[in-house]
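*Asks:* Let me begin by handing over the structure; questions about it come next.
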Amino acid sequence: MELPRAPNAKRTRDERRERAMNEQAAYGTYRIRRIAIEGFRRLQSLDIPVRPFMVLIGANGVGKTSFLDALTLLSASAAGRLGETLSRFGGVAKLLTRGKCEEMALAVDMEVPGYEPLRYRLQMEPRGAGSSITQETLSQQKSDRPRPFFYIDAHHGRVEYYNTETKRLDVPDWDYNPGEPALSQVPRMFRQPEALRRVLATATQYHTLDVGSRAPIKLPQPVKPADLPGANGEALLPFLYSLRESDRPRFDAVTDALRAAYPDFEELTFPPAAAGMLALSWKDKKFESPIYADELSEGTLRFLWLTALLQSPDLSTVTMIDEPEVSLHPELLDLLAQLMREASARTQLIVTTHSDRFVRFLNPEEVYVMDVGEEGGATITPADTLDLDRWLDEYSLDEVWRMGRMGGRA
């Protein structure tokens, strides 16, 4: 017997969905256009365009995961979590390009429909056992001004922000935290800078899913509001249950993907496991009894989680996935590439992979090749800027990669 809907549950979900749709309408057209990274681990000096769907390929140690980590740090700066994120990474000194840089800088350009892009830059250096923000700027070129207009202009502890009441750059008159960027603290008085802050603050990185014996995805889960399946699948069941009840087309898209991947799959159900707890049951054509989450294979659980994640209507504007191919059968990778390509219409999707079979199902404009330059710093090159046409006439993209014609090999 399935759990009944809680009183007013549908109304609450509809209200959340309406808010999400309003936010998407407000911010959905804002997208990151370029990313620049300086002095972050092996990423000594990178400045690249960002596309809706980009897959980073390359050998171990070239900086693919570091690229995602740099974006995660930038996200933390907008969300007011820079200090705790730096601590988790070991501090600025630990992150600096070894022996080559004394400061680290992260910067983005964000498209603004009908206007010049917003440009945000954050620069940090080690300071004793901690760190110091040495520069932070948020600016935009205006048609009526010869020089950029600054919303935030901070240097070595002196912070100024544009005050709409005084019509000038002023210093904060509140209890300002010098350990966190101004972007997360100044008043939110402008639509476009607030859009940039939100886009960065909500950027989310997903690592390899935990599928150990006591992993959250294998256990019953509480009935609760869930807009995403969770970084480790800890909300997968309430998310799918809610999707089935309030957004049937998306739930059907999840089950359609599962049927395409597993021809014997029939349906997902969510029987109650205890008071207020859901279990997941997988119906297979060849078995009378359902299969439960803790009985599914690692690859099946990971594919289910990825499919649910990519179908979520509440994906952040930037979504990062590290090595999604882990444990997946090679024949699933074509379908995974299709699901990611569809999701990139709703989120800027940045993925890392070591799988040449996954690359087989990608287009050159979706692939970025990472290598190590002569001085030890990482380089990154969009595959469609390489001279590959004559090779792709005879070989698939993964074969061209294996032959070493596009770099990114050990």
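*Asks:* Please list Tyr115, Tyr206, Tyr262 from largest to smallest accessible area, probe radius 1.4 Å, with all protein chains kept in place. Write out the running numbers ahead of the final one.
*Replies:* On the way: Tyr115 140, Tyr206 10, Tyr262 50 Å².
If we order Tyr115, Tyr206, Tyr262 from most to least accessible, we get Tyr115, Tyr262, Tyr206.
*Asks:* Show which lysines lie in cross-link reach of Lys167 when reach means a straight Cα distance below 26 angstrom and same-chain residues fewer than eight apart are skipped.
*Replies:* Partners found: Lys142.
*Asks:* Can you tell me which of 235-241, 221-227, 269-275 comes out highest on packing, and rank the rest after it, using the mean Cβ neighbours within 10 Å? Numbers along the way, then the final one.
*Replies:* On the way: 235-241: 24.6, 221-227: 17.6, 269-275: 14.1.
The peptides rank, most packed first, as 235-241, 221-227, 269-275.
*Asks:* What nm distance separates the two modelled labels at Arg248 and Arg34, each placed 7 Å from Cα along Cα→Cβ?
*Replies:* Each label point is offset 7 Å from its Cα along the Cβ direction, giving 4.9 nm.
*Asks:* Still on this structure: Straight distance only, please: which lysines reach the Cα of Lys224 with their own Cα at less than 18 Å, same-chain residues fewer than 8 apart left out?
*Replies:* Correct list for Lys224: Lys10.
*Asks:* Another question, if that's okay. Ignoring ligands and nucleic acids, what accessible area does Leu278 show with a 1.4 Å probe (Å², nearest 10)?
*Replies:* Spelled out: Leu278, probe radius 1.4 Å, area about 0 Å².
*Asks:* On full extension of the chain, what length is gained from Arg147 through Gln135, given 0.36 nm per residue of separation minus the C-alpha to C-alpha distance?
*Replies:* Working: separation 12, 0.36 × 12 = 4.32 nm, distance 1.85 nm.
Contour length minus the Cα-Cα distance gives 2.5 nm.
*Asks:* If packing is taken as the mean number of other Cβ atoms within 10 Å per residue, what is the order of 136-143, 333-340, highest first?
*Replies:* Values: 136-143: 17.2, 333-340: 19.5.
Going from most to least packed, we get 333-340, 136-143.
*Asks:* Sticking with this one: What does the extension gain come out to for Ala345 and Arg214, with contour length at 0.36 nm per residue minus their alpha carbon separation?
*Replies:* Details: separation 131, 0.36 × 131 = 47.16 nm, distance 3.47 nm.
Additional length available on full extension: 43.7 nm.
*Asks:* For helix 64-79, report the angle its Cα long axis makes with the longest principal axis of the Cα atoms of the chain; keep it between 0 and 90° and round to the nearest 10°.
*Replies:* 70 degrees
*Asks:* Here's another thing I want to ask about it. So between Leu386 and Arg402, what do we pick up on full extension, going 0.36 nm a residue minus the alpha carbon distance? Don't jump to the answer; show the numbers that get you there.
*Replies:* Details: separation 16, 0.36 × 16 = 5.76 nm, distance 1.52 nm.
Contour length minus Cα-Cα distance gives 4.2 nm.
*Asks:* With a sphere of radius 12 Å drawn around the Cβ of Thr208, what net charge do the other residues whose Cβ falls strictly inside it have (Lys, Arg +1; Asp, Glu -1)? Write down the numbers at each step before the final one.
*Replies:* Details: positive: Arg302; negative: Asp210, Glu298, Asp322, Glu323, Glu325.
Here the count lands on -4.
*Asks:* Sort 208-219, 393-404 for me by packing, meaning the mean count of neighbouring Cβ atoms within 10 Å per residue, highest on top. Please list the in-between numbers first.
*Replies:* Numbers: 208-219: 16.6, 393-404: 14.7.
So the peptides 208-219, 393-404, ranked by packing, come out 208-219, 393-404.
*Asks:* To continue, here is another question. Where does the charge balance sit around Met124 when Lys and Arg score +1, Asp and Glu -1, over other residues with C-beta under 13 Å from its C-beta? Could you put the intermediate results ahead of the total?
*Replies:* On the way: positive: Lys94, Arg121, Arg127; negative: Glu38, Glu102, Glu103, Glu125, Glu136, Glu180.
Summing Lys and Arg as +1 and Asp and Glu as -1 gives -3.
*Asks:* Using a basic spin-label model with each label point 7 Å from the Cα along Cα→Cβ, how many nm lie between Ile291 and Asp334?
*Replies:* 2.2 nm
*Asks:* Once you put a point 7 Å from the Cα of Ala93 and another 7 Å from the Cα of Glu375, both along the Cβ direction, what distance in nm separates them?
*Replies:* A separation of 2.5 nm, rounded to one decimal place.
*Asks:* Can you list the residues, at least 5 places off or on another chain, whose amide H is less than 5 Å from the amide H of Leu278, using H built in the peptide plane?
*Replies:* Long-range HN contacts for Leu278: Gln221, Val223, Ala273.
*Asks:* Another question, then. Of Ala231, Gly377, Val55, whose Cα points farthest to the positive end of the dipole of the chain (charges on the beta-carbon: +1 Lys, Arg; -1 Asp, Glu; origin at the Cα centre)?
*Replies:* The one lying farthest along the dipole's positive direction is Ala231.
*Asks:* Still on this structure: So with the 1.4 Å probe, I'd like the accessible area per residue for the chain, rounded to whole Å². Don't jump to the answer; show the numbers that get you there.
*Replies:* On the way: 19280 Å² over 410 residues.
Computed with neighbouring chains in place, this is 47 Å² per residue.
*Asks:* Between helix 333-343 and the chain, what is the angle of the helix's C-alpha long axis to the longest principal axis, kept within 0 to 90° and rounded to the nearest 10?
*Replies:* Here the helix axis deviates by roughly 60 degrees.
*Asks:* Just the number, please: carbon plus sulfur as a percent of the accessible area of the stretch 246-308, 1.4 Å probe, no ligands or DNA/RNA counted.
*Replies:* Values: 1460 of 2910 Å².
Ligands and nucleic acids excluded, carbon and sulfur reach 50 percent.
*Asks:* Now, a different point. Applying 1/(1 + (r/R0)^6) with R0 = 22 Å to the Cβ-Cβ distance of Glu394 and Ala59, what FRET efficiency is obtained, to the nearest 0.05? The partial results should precede the final answer.
*Replies:* Working: r = 25 Å, r/R0 = 1.12.
Efficiency computed from Cβ-Cβ geometry: 0.35.
*Asks:* Turning to a different aspect of this structure: Rounded to the nearest 500, what is the chain's calculated 222 nm mean residue ellipticity when only DSSP H runs of at least 4 contribute -39500 (n - 2.57) each, over all residues? Don't skip to the end; give the middle numbers.
*Replies:* Values: 12 runs with 123 residues, N = 410.
Taken over the chain, the calculation gives -9000 deg cm²/dmol.
*Asks:* While we're looking at this one, here's another question. Please determine, in degrees from 0 to 90 and to the nearest 10, the orientation of helix 9-27 with respect to the longest principal axis defined by the Cα atoms of the chain, where the helix direction is its Cα long axis.
*Replies:* Taking Cα atoms only, the helix is inclined about 40 degrees.
The values are calculated or read from the model by the stated rules, or taken from the named source; none is laboratory data. These numbers come from a predicted model, not from an experiment. Using ideal geometry, Cβ is built from the backbone for each residue, glycine included, and neighbour counts are taken over all protein chains shown. What goes into the accessible areas is simple: the full protein's heavy atoms, side chains included, and nothing from ligands, DNA or RNA. Shrake-Rupley method; radii C 1.70, N 1.55, O 1.52, S 1.80 Å.
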